[in-house]
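Where a number appears in this text, it was derived from the coordinates with a stated rule and is not lab data. What you see is a predicted model, and the numbers here were worked out from it, not measured in a lab. Cβ placement follows ideal geometry from the backbone for every residue including glycine, while neighbour counts extend to all protein chains displayed.
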Amino acid sequence: MAGQPHDVVSWTTVKPGITAVSLERPPANALGIPLLDGMHLAMDAAEKAGDVKVMVIASAISGFFAAGADIKHLSSIDAESFTAYGDKMREVNDRLAAAPWISIAAVDGVALGGGLELAMAATLRVAGVGGRFGLPEVKLGLIPGAGGTQRLPRLVGRGRALDIMLTARQVRADEAFRIGLVDRLTDGDVLEAAMAFADELVGPSLPAQLAVVRTVDAAFDLPLEDGARFEVEQIQTLFEDGEAAEGIRAFVDKRTPDFR
């Protein structure tokens, strides 16, 4: 049975500012419609709460983060429905990438195709030594269609991205860490490592953190001069609308800043 959104995606507040999202669609977290809808519901809940600073996305299925698109679903639909399905995957990834919080994908096992695209849409990635990553769509006569061709080169560079996509090979966790696809690698419990990372991230100013993400992303899209100008704009915005005044006062007063 395909299940309903609440059956295959759950979420909980781990501690103030940190939400954990769990993917729970056996046997491999294929990205069917219920799971995609469940991701939207999880993000809806985070937006409604209004106090989420870090979202950790992990899998409850042993050996899998997410195995990719729902191939059985793809085999039963026409071209128009295929386009709509791809749009739905992109909507989830784009919404996650633009979310007003920091997101961490905790990858324990396989992240292939759409599963890797989901992980790449997160701000950061933590993986265990048993992690496996790949975009094998060329084996199906397709290309990655939920942001993979755009996000992978930004993370690992053109040549490495082409290597991974053209060969359809699986990248081991140690290589993924070495080339920048994974940000932290652990030989322990992946979810615990991701939560420890979230603890580090939940303290600083979220508006400042999001401004860092925006300016770093802009470095890939803008000429240096324009990127530097965008950096200045972000700083000005933080002084006018952010938490810079509180951070500076706290530093002078030798106390912990009271960020929102």
Item to check | Charge dipole magnitude, Cβ of K and R +1, D and E -1 - the range 206-253, Cα centre, debye nearest 20 | outcome: 100
Checklist entry - Cα gyration tensor of the range 118-177, axes a ≥ b ≥ c as square roots of the eigenvalues: rounded (a/c below 1.5), prolate (a/b > b/c) or oblate? => result prolate
Item to check | Under 23 Å from Lys48, Cα to Cα: lysines that are on another chain or at least 8 residues apart | outcome: Lys15, Lys88
Checklist outcome for this item: The alpha-carbon pair-distance distribution computed for the range 1-110, with 10 angstrom bins and whole-percent values, is 15, 47, 31, 7, 0
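Name the chymotrypsin sites (Phe, Trp or Tyr not before Pro) in the range 154-237 that are in a loop by DSSP and that have at most 11 other C-beta atoms within 10 Å, would you? Write down the numbers at each step before the final one.
Working: sites: Phe177, Phe197, Phe220, Phe230; in loops: Phe220.
Passing both the DSSP loop test and the Cβ count: Phe220.
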Checklist entry - Among rounded, prolate and oblate, which fits the range 45-149 when a ≥ b ≥ c are the square roots of the eigenvalues of its C-alpha gyration tensor, a/c under 1.5 means rounded, and a/b larger than b/c means prolate? => result oblate
Checklist outcome for this item: Under the 7 Å Cα-to-Cβ spin-label approximation, Ala97 and Thr167 lie apart by a distance in nanometres of 2.5
Checklist outcome for this item: For Val232, Val126, ascending order of other Cβ atoms within 10 Å (fewest first) is Val232, Val126
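Filter the DSSP H helices in the chain by two things, a Kyte-Doolittle mean of at least -1.0 and an axial alpha-carbon span of 20 angstrom or more, and list the hits by number.
Numbers: long enough: 33-49 (24 Å, 0.43); 79-97 (27 Å, -0.82); 224-241 (25 Å, -0.55).
Taking the DSSP H segments of the chain (at least 20 Å long, mean hydropathy at least -1.0), we get 33-49, 79-97, 224-241.
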Checklist entry - When the chain is fully extended, how far beyond the present Cα-Cα distance does Leu142 get from Phe220, taking 0.36 nm per residue of separation? => result 25.5 nm
Checklist outcome for this item: Contact order relative to length for the chain, counting C-alpha pairs under 8 Å separated by 6 or more residues, stands in percent at 15
Item to check | Amide N of the range 186-211 lying under 19 Å from the label point, which is placed 7 angstrom from the Cα of Glu246 along Cα→Cβ | outcome: 199-211
Checklist entry - By a straight-distance test (C-alpha under 17 Å), which lysines pair with Lys139 as possible cross-link partners, with residues fewer than eight away in the same chain excluded? => result Lys72
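Of the trypsin sites (Lys or Arg not before Pro) in the range 148-225, which ones lie in a loop per DSSP and count no more than 15 other C-beta atoms within 10 Å? Walk me through the numbers before you get to the answer.
Working: sites: Arg151, Arg154, Arg158, Arg160, Arg169, Arg172, Arg178, Arg184, Arg214; in loops: Arg169.
Filter output for the range 148-225: Arg169.
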Item to check | the range 5-201, Rg to Rh (Cα coordinates; Rh as Kirkwood inverse mean 1/r) | outcome: 0.94
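Net charge within 13 Å of Ala106 by Cβ-Cβ distance, Lys/Arg positive one each and Asp/Glu negative one each, not counting Ala106 itself? Intermediate results must be reported in sequence, preceding the final value.
Working: positive: Arg125, Arg184; negative: Asp108, Asp183, Asp189, Glu192.
Taking every Cβ under 13 Å from that of Ala106, the sum is -2.
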Checklist entry - What is the spin-label model distance, in nm, from Arg90 to Val129 if the labels are put 7 Å beyond Cα along the C-beta direction? => result 4.0
Next on the checklist: For the pair Thr83/Glu24, report the inter-label distance in nm, with labels modelled 7 Å from Cα in the Cβ direction.
Outcome noted: 3.7
